[in-house]
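Scroll down for the structure; my scribbles are underneath it.
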Number of protein chains: 2
Amino acid sequence: MDYTLFSYWRSSCSWRVRIVLSIKNIPYQYHAINILSGEQKGEEYIEKNPLKQVPYLHGEDIGISQSLAIIQYLEDIHPTPSVLPTSPILRAKMWEICEIINSWIHPLQNSKLTNKIEGLGGDKNEWALEVVTSGFRAVENILEQVAGTYCVGNQLTVADACLVPQVCNARRRNVDLTPFPNISRVFETLLALPEIQRAAPENQSDAVK
Amino acid sequence: MDYTLFSYWRSSCSWRVRIVLSIKNIPYQYHAINILSGEQKGEEYIEKNPLKQVPYLHGEDIGISQSLAIIQYLEDIHPTPSVLPTSPILRAKMWEICEIINSWIHPLQNSKLTNKIEGLGGDKNEWALEVVTSGFRAVENILEQVAGTYCVGNQLTVADACLVPQVCNARRRNVDLTPFPNISRVFETLLALPEIQRAAPENQSDAVK
C-alpha cells in the first residue's frame, strides 16, 4: 500500500488520522495543504474533496475524506494492532466518545462558524467555551464508566485519537479542565506516548514554530 | 434483547436509528421525548444523556447516545441483514457519506446554532442553505461513483439511514435539489420502501399531525 495523507499540521481531524497511522505503524507520504493560504480551495484539491477540508487519504484504489471514514478504512485494511475494543459494549461507548467530539464539539467550534458568530457581533469565545464544556461533560461521564489507562480500558482506540487533538484545542482556548479529571488524566498519559508525539502538529514538516 | 429507544418523531438522528432498527427488523419500545416541551432537559433524562439529545438506546446492559454509535452497536449485535457493504472501499465511501451528513451538514444547521445566528441578527436560512448545499455537493460527488439503487450499490446501508432524514429536512427548507440528481433519485426510491416508511416521523406515536 502506498498512501499519501493530505494534512495540515494544526488540523485536529488530520491529527486524528496521523495518530491512527502512527499506532498502526503504517508508512505514508505527508502532503501538506496550507489551510491559511487557501490551498484547500485550489481546483486540483477541490476535485479530491469538494468540502475543501483536510484530511484526505489517497491510496492505491481509493481517495477518502472525513477522518473517521479514513480511520475505519485503515482498521479494515490494517487490522493489527486494532484501534477498536473487542467487546461490542465497549466499542459502542468508544464510538459514543468519538461522535460527541466529531459531530458535536468539533463542528460547533470550527473557525468557519466562530468567525460567522464574531462577524455578527457575537462572542465567539463564549460560544466555543459552552460547546466544549457541554461536550466534555458528556465525554467525562463516559470515561468514568470505561476509562483505564486510556479512554476505553488499557487499549489505544479511536477515542484516544479524537480526544488528544480536542483537549489541545481546548487548552489553547483556556478551557478550565478541573471539572474533567478523567479527561485530564488520560490526555496527559496519551500525550507522553511516542505514538502520539510522532503524530503531533509540531512534529510535522509543515509546522510553523 | 429488550430495547427502548428514546426518540422524538421529528428528530433526524432518531429517524436514522429507527431506519436501521426497521431494516434489521429489531423489536423495541418507543419512548417519546418531547423536545419542544423540554423533556430532554429533565433530570432523569440528563442522567442518561448529558448532551440532552435524542436518540438514546437503552438495552439490557447498555445505554448509548449518538446515532452512529447506536447503529454500530446494532450492527454488532444483530449482523443480519448487514447495513455495511462488504468491500472495505465501499464501506469507506459509505462512512464518508455518513460523516459528511453527521459531522458537517447536520450539526451546522441544527436549531441551537441557527437560533444563535438569528438572535445575532444573521440570516439563519441563508446559513443553513449554504451548509446543506456544500454538503450535498460532496455527497452527490460520492454517489456518482458508488450509487446503485441506493446510496452504495443495491444494498441498504447506514448511508441511506443518514440520507433520508437529511433530504427531508432540506426539502422543508426549500433547498433546490435539481443540482443533485443522484441524491434525488436515491431519496425517492428509499422513501417508497416500507422499511423507511415504518420509521418515518409521521408514523411514530408522538407525531403531531
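The values are calculated or read from the model by the stated rules, or taken from the named source; none is laboratory data. Just so you know, these numbers come straight off a predicted model, no measurement behind them. Please note: Cβ atoms are built from the backbone with ideal geometry, for glycine as well, and neighbour counts cover all protein chains shown.
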Return yes when A:ALA69 is at pLDDT 95 or above, touching a strand residue (DSSP E or B) at 6+ places or on another chain (Cβ under 6 Å) and either assigned by TED's automatic domain parsing to the domain that holds A:LEU21 or assigned to a helix (DSSP H, G or I) (or both) and no when it is not. no
Can you name every residue in segment B:148-167 that is in a helix (DSSP H, G or I), in contact (Cβ under 8 Å) with a residue 60 or more places away in the chain and out of contact with any Gly (no Cβ under 9 Å at 6 or more places or on another chain)? B:VAL158, B:ALA159, B:ASP160, B:ALA161, B:CYS162, B:LEU163, B:VAL164, B:PRO165
Return the total of residues in segment A:40-66 being polar (S, T, N, Q) and assigned to a loop (DSSP other than H, G, I, E, B). 3
Tell me yes or no: at least one residue of segment B:169-182 is over 17 Å from the mean Cα position of the chain (by Cα), β-branched (Val, Ile, Thr), more than 13 Å from chain A (Cβ to nearest Cβ) and surrounded by fewer than 22 Cβ atoms within 10 Å (Cβ to Cβ). yes
Can you give me the number of residues within segment B:171-184 that are more than 16 Å from B:TRP9 (Cα to Cα), modelled with pLDDT under 95 and in a helix (DSSP H, G or I)? 1
Identify the residue in segment B:58-67 that is closer than 17 Å to B:TYR28 by Cα and of a type in the set (S, T, N, Q) and, among all such residues, is farthest from the other protein chains (Cβ to nearest Cβ). B:SER67
For the condition modelled with pLDDT under 85 and either at negative phi or not assigned by TED's automatic domain parsing to the domain that holds B:ALA161 (or both), what is the one hit in B:LYS24, B:LYS52? B:LYS52
If B:SER37 satisfies every condition in (1) in a helix (DSSP H, G or I); (2) hydroxyl-bearing (Ser, Thr, Tyr); (3) over 22 Å from A:ILE97 (Cα atoms) but one, which is the exception? (1)
Can you work out which of the residues in segment B:27-55 that are aliphatic (A, V, I, L, M) and within 14 Å of chain A (Cβ to nearest Cβ) is farthest from B:LEU68 (Cα to Cα)? B:ILE46
Pick out the one residue from B:SER134, B:SER103 that is at the interface with another protein chain (Cβ under 10 Å from one of its Cβ atoms), modelled with pLDDT of 90 or more, within 15 Å of the chain's Cα centre (by Cα) and farther than 17 Å from B:CYS168 by Cβ. B:SER103
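For (1) aromatic (Phe, Trp, Tyr); (2) farther than 27 Å from A:VAL167 by Cβ; (3) crowded, with 17+ Cβ neighbours inside 10 Å; (4) touching a Leu at 6+ places or on another chain (Cβ under 7 Å), each residue gets a yes or a no:
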residue	(1), (2), (3), (4)
A:CYS13	no, no, yes, no
A:ILE19	no, no, yes, no
A:PRO27	no, yes, no, no
A:VAL54	no, no, yes, no
A:GLU75	no, no, yes, yes
Residue identified as among the polar types (S, T, N, Q), crowded, with 18+ Cβ neighbours inside 10 Å and under 26 Å from B:LYS41 (Cα atoms) among A:THR114, A:THR157: A:THR114
Could you please find all residues in segment A:68-99 being under 21 Å from A:SER11 (Cβ atoms) and more than 8 Å from chain B (Cβ to nearest Cβ)? A:ILE71, A:LEU74, A:GLU75, A:VAL83, A:ILE97
Going through segment B:21-45 one residue at a time, which ones are more than 14 Å from B:ALA200 (Cβ to Cβ) and touching a residue at least 60 places away in the same chain (Cβ under 8 Å)? B:ALA32, B:ASN34
